[in-house]
1. Got a sec to turn the phi values of segment 39-51 into Karplus ³J(HN,Hα) couplings, 6.51 cos²θ - 1.76 cosθ + 1.60 with θ = phi - 60°, whole Hz, x for Gly and Pro?
2. What net charge is computed for the residues neighbouring L51, neighbours being all others with C-beta under 12 Å from the C-beta of L51, Lys and Arg scored +1, Asp and Glu -1?
3. Return the long-range amide H neighbours of D81 (sequence gap of 5 or more, or a different chain), with a cut-off of under 5 Å between placed amide H atoms.
4. Relative contact order for segment 20-80 using alpha-carbon pairs under 8 Å, separation at least 6, rounded to a whole percent?
5. Counting Lys and Arg as +1 and Asp and Glu as -1, what is the net charge of the other residues whose Cβ lies under 13 Å from the Cβ of F69?
6. By the scheme Lys and Arg +1, Asp and Glu -1, what is the net charge of all other residues having a beta-carbon under 14 Å from that of P80?
Amino acid sequence: MAEDKYDNRNPYSRNPQLRSFVDPYLYQRLNQLLNQKLVVQTVKDSVRGTLKQVYPDHITVTTDGNHFFVRTAQIVWVKPD
């Protein structure tokens, strides 16, 4: 049988699952900075603006009417401005 080729010890062999890790300390601190001006350094660039929304997987920073969605996994540091 083809099913015998699956390794039952490996949880990914039959049912792939999305796993995401949330930093509860970063999430809590970002919620404290809601509606404040800040600078967010990501692995690629920095964003400066007002923190408008905080979710476990991303934040929304608004600058001059433009919305930037930053994945929390990409955040290196955050500094109130």
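Bear in mind these aren't lab numbers, they're just calculated from the coordinates by the rules spelled out. In this text, all values refer to a predicted model and were calculated from it rather than measured experimentally. Every residue, glycine among them, receives a Cβ derived from its backbone with ideal geometry; neighbour counts consider all protein chains shown.
1. Here the 3J(HN,Hα) series is 10, 10, 9, 9, 5, 10, 7, 10, 10, 10, x, 9, 6 Hz.
2. Details: positive: R29, K37, R48, K52, K79; negative: D81.
Residues close to L51 contribute a combined charge of +4.
3. Counting only residues 5 or more places away or on other chains, the set is K37, L38, V39.
4. Working: 105 pairs, mean separation 19.6, N = 61.
Over segment 20-80, the number comes to 32 percent.
5. Working: positive: K52, R71; negative: D57.
Residues near F69 contribute +1 overall.
6. Values: positive: R29, K37, R48, K79; negative: D81.
After counting each charged neighbour, the total is +3.
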